[in-house]
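Taking it in order: structure first as structure tokens, then the write-up.
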Amino acid sequence: GEDVEQSLFLSVREGDSSVINCTYTDSSSTYLYWYKQEPGAGLQLLTYIFSNMDMKQDQRLTVLLNKKDKHLSLRIADTQTGDSAIYFCAETPAGNNRKLIWGLGTSLAVNP
Amino acid sequence: NAGVTQTPKFRVLKTGQSMTLLCAQDMNHEYMYWYRQDPGMGLRLIHYSVGEGTTAKGEVPDGYNVSRLKKQNFLLGLESAAPSQTSVYFCASNGGAYNEQFFGPGTRLTVL
């Protein structure tokens, strides 16, 4: 069945780059997403990438998509303490009724 | 726009008690969802709705009921609460141009 996998934890030093990885199984995915959840809050859309794109850049965020390997990554440049959060990868398979398939989330800890 | 709102924010129930969680969205979205979030288990879909008057089961529907009498509201009911239903509940709606979901702030429920 459809599945999205991501590592559970990542720890980086403030100022370094963070790379959060995700793999998915549905090759017909149309959109893939990164959501951010800060402590005690709901999820917020961080960025998305359409399946016919390889890369998307938005300020400090870079999303890379390798469709052949079904691999998605999120790079955060110059990571700050405010970036400490849980990051969820999600996909929307083609032809579904708008249900997203979610990863378990990667908890990013930024150390000063 | 308030986006997606949830009430209450916190609730403590005793085993066997019932309650209703309310979700409201002011974005005129057709699709709405109820998720639960538990440590190490990511987001799990409880029920969802593809429009006013419709509901459908998600991954973990047992012990919950839902109603969508008005397009803007999606209610989640627990008829007889159990300790296993202790969780953080999130409501979301979908109507974005990129199929993205918008989340409420969550309800933290404890069942004793």
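The values are calculated or read from the model by the stated rules, or taken from the named source; none is laboratory data. What you are looking at is a predicted structure, and each value in this text was computed from that prediction instead of being measured. No Cβ is skipped: glycine too gets one built from the backbone with ideal geometry, and neighbour counts run over all protein chains shown. Ligands, DNA and RNA are excluded from the accessible area calculation, which covers all protein heavy atoms including side chains. Shrake-Rupley method; radii C 1.70, N 1.55, O 1.52, S 1.80 Å.
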Next item on the list: Please go through the stretch A:3-50 and pick out each residue that is part of a loop (DSSP other than H, G, I, E, B) and either more than 22 Å from B:Glu100 (Cβ to Cβ) or within 12 Å of another protein chain (Cβ to nearest Cβ) (or both).
Entry: A:Asp3, A:Ser7, A:Leu8, A:Glu14, A:Gly15, A:Asp16, A:Ser17, A:Glu38, A:Pro39, A:Gly40, A:Ala41, A:Gly42
Checklist line | Count of residues meeting criterion [open to solvent by 50 Å² or more (accessible area, probe 1.4 Å) and farther than 17 Å from B:Arg108 by Cβ] in the stretch B:16-26 | finding: 2
Notebook entry, point to check: Being open to solvent by less than 40 Å² (accessible area, probe 1.4 Å), over 11 Å from the mean Cα position of the chain (by Cα) and within 14 Å of chain A (Cβ to nearest Cβ), is that true of even one residue in the stretch B:31-41?
Noted result: yes
Notebook entry, point to check: How many residues are of a type in the set (S, T, N, Q), surrounded by fewer than 21 Cβ atoms within 10 Å (Cβ to Cβ) and over 11 Å from the mean Cα position of the chain (by Cα) when one looks only at the stretch A:19-45?
Noted result: 5
Next item on the list: Could you grab me the full set of residues in the stretch B:58-94 that are facing another protein chain (nearest Cβ under 9 Å) and either of a type in the set (Asp, Glu) or outside any strand (DSSP E or B) (or both)?
Entry: B:Gly58
Next item on the list: Identify the single condition in (1) closer than 29 Å to B:Tyr89 by Cα; (2) surrounded by fewer than 15 Cβ atoms within 10 Å (Cβ to Cβ) that A:Tyr48 does not satisfy, given that it satisfies every other one.
Entry: (2)
Note to self: Would you confirm whether or not the stretch A:66-82 contains a residue that is within 14 Å of another protein chain (Cβ to nearest Cβ) and either in a strand (DSSP E or B) or surrounded by fewer than 17 Cβ atoms within 10 Å (Cβ to Cβ) (or both)?
What the structure shows: no
Note to self: Can you pull out every residue in the stretch B:56-102 that is more than 19 Å from B:Met27 (Cα to Cα), open to solvent by 40 Å² or more (accessible area, probe 1.4 Å) and touching a residue at least 60 places away in the same chain (Cβ under 8 Å)?
What the structure shows: B:Glu79, B:Ser80, B:Pro83
Next item on the list: May I ask you to list pairs of residues, at least six apart or on different chains, whose Cβ atoms are under 9 Å apart, with the first in the stretch B:12-25 being touching a residue at least 40 places away in the same chain (Cβ under 8 Å) and the second being in a strand (DSSP E or B) and open to solvent by 80 Å² or more (accessible area, probe 1.4 Å)?
Entry: B:Met19/B:Arg11; B:Leu21/B:Arg11
Notebook entry, point to check: Among the residues of the stretch A:51-64 satisfying the criterion of being under 16 Å from B:Glu100 (Cβ atoms) and part of a strand (DSSP E or B), which is most open to solvent (accessible area, probe 1.4 Å)?
Noted result: A:Asp58
